Each structure stands twice: as C-alpha cells, then as structure tokens.
Amino acid sequence: MELPIYKLDAFSSTLFGGNPAAVVLLTEWLPDATLQSIAAENNLSETAFVVRGRGDFEIRWFTPTVEVDLCGHATLATGSVLLSHEAEVDRVRFRTRKSGELTVSRHGDLLALDFPERRARPVPAEVGLEAALRVTPVEVHAARDLMVVVADEDVVRGLDPDPAAVAGLDAFAVTVTAPGRHSDFVSRFFAPRAGIPEDPVTGSAHCTLVPYWSARLGKTKLHALQLSARGGELFCEHRGERVIIAGRVVEYLRGTISV
C-alpha cells in the first residue's frame, strides 16, 4: 500500500524553522500499531493522519511513542496540505476523538487554528520541579500540562532542564513561560514522557498560555514566540472558550510511503 506523505514546517515563514510535522493522507484508518510504527519511523514530534469524512476530515496525531489528544502544529500543517488541494475553500473542519471539532482557515498569508481553551488553575510547585527545570518558578499552573511562569525571557532562553527528571514529574509535559521583550510572551515546551525532549513549537500549549496571558495583560490579541532552537511565531486571540492560534507553514517534502 502506498500512502501520500508530506513534511512541513509549521509556525515559520522560512524553511528549517518552526516545528516539522508529517501529514499522511489515508482513505481509511489503518491499525493503531501501523500508525504508531509510521510515526516512529518518521521520528518527528508529531505525525498527523487524516481520513476524509462527510464534509469534514477525521484527524489523529502520534508522537514517536504515543498517540496524543491534541496537536497544534501538525493540525496547521494538515490544514495547509488540504487547503492547497482544495483551493475553492478557505476552511477545513476536523473531527477528533477527544478534542471536539477543530478548524483551520486562511487569513491572508496566515493559517489559523480554532482550538478549545485549556484554562489552567494555580497549583503548588511539585517536589522536584525546581530541580528538574533548574530554575525557580514564580507561579505554577496545571491543565493537561504544567505551566511554569518564570521571571523573564532570559530565564526561558537559558533553560537546560534534566529530561529524566522532567519525565518523572506528575504531568504529561511542562511549559515554561515569561513576558517577552519583543512579543507579549515567550515559552518553551518539554515532553520527554511522550518521546519529545523539547518540542520546537507547540500549538496545543497555547490553549493554556493564551487564556493566562490574555487575563494577565488585559488584551485578547497576543503575539507569541517559542524560543526553541528552531524558533516559532504565533499570532493568537482569546475568544471566550476558544483560542485562535495562527501562523505560517512552509512545505519541505512530498512523496509516498509503502506499508
């Protein structure tokens, strides 16, 4: 069986920036073990698999080791692929297993995700958190992931966490964030438990970051930078229980895989 595959860099205007994602187009769902093996073979933070439904698409996302319940950059990449094939439409809709309905739409030269917010609650710092991150938290919040607020952008840039210790925390992943100098806020994202020591750009983390920074800064439209080695830029808006997360996508590769 030959399957179309694309590799794209999401949340970047230049090749080799942002977060690379693979997109595999299916006519029907393959066994979960096969999907996981393809994602492991791709060895990217996420591979998105998509099947056409009736007027929409079903989407699932896999890291090299696990299936995840929500992924922003791979959804943005999938939207880019589908919209390039269906030039007469400006929006594609996805059905998911655990995250409801998602859309990707064109906004000028940007593609925009419409995702559910994941508002976090303040929590005490877990024993071992400071040692795992090697920084002192100013605030700690929890949603699906831990969100750790630190003093400033330089602390986020200089992070050098202990991956094994981060994987041992009671959280799927850890986002570290601070006010930005040239953006509203900055962040980095670590998910070694899911096989991702550091994710270059993380759309799903902004489902939590955007409500927090919107309330803290008193504004609904926010400009964000993720300070990984590849870097990423996100244009966000808080809309009640929904979050708009927009960025650019650059195609790197298209081809077929044989399974």
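Values as computed for the structure displayed
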quantity	calculated
Cut-off 9 Å between beta-carbons: net charge of the residues surrounding Asp69, Lys and Arg +1, Asp and Glu -1	+2
Around Gly108: net Lys/Arg minus Asp/Glu count, Cβ-Cβ under 12 Å	0
For region 163-175, Karplus couplings with θ = phi - 60° (6.51, -1.76, 1.60), whole Hz, Gly/Pro x	x, 5, 5, 5, 5, x, 6, 7, 6, 4, 7, 10, 9
FRET efficiency, Val259 to Lys98 (Cβ-Cβ, R0 25 Å, nearest 0.05)	0.50
Label-point separation in nm, Asp160 to Glu139, each point 7 Å along Cα→Cβ	2.9 nm
Thr65 paired with Ala151, simple spin-label distance in nm, labels 7 Å along Cα-to-beta-carbon	3.3 nm
Sorted by Cβ neighbour density within 10 Å, fewest at the top, the residues His238, His107	His107, His238
Thr208, Thr34 arranged by Cβ crowding within 10 Å, fewest neighbours leading	Thr34, Thr208
Overall Cα dimensions of region 121-242, principal axis frame, Å, largest first	36, 29, 25
Given charges at beta-carbon only (K, R positive; D, E negative), |dipole| of region 169-255 in Debye	200 debye
Sorted by Cβ neighbour density within 10 Å, fewest at the top, the residues Met147, Met1	Met1, Met147
Antiparallel bridges, percent of DSSP beta bridges restricted to region 146-228 (to nearest 5)	55 percent
Peptides ranked, highest mean first, by Cβ atoms within 10 Å: ranges 227-234, 161-168, 149-156, 18-25	18-25, 227-234, 149-156, 161-168
Karplus-derived 3J(HN,Hα), 6.51/-1.76/1.60, for each residue of region 105-120, Hz, glycine and proline x	9, 7, 9, x, 8, 9, 10, 10, 8, 10, 10, x, 6, 10, 5, 9
Calculated diffusion of the chain, Stokes-Einstein form, Kirkwood radius summed over Cα pairs, 20 °C and 1.002 mPa s, µm²/s	117 µm²/s
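FYI, it's all coordinate maths here, none of it is from the lab. Keep in mind that this is a model prediction, so the values were computed, not measured. No Cβ is skipped: glycine too gets one built from the backbone with ideal geometry, and neighbour counts run over all protein chains shown.
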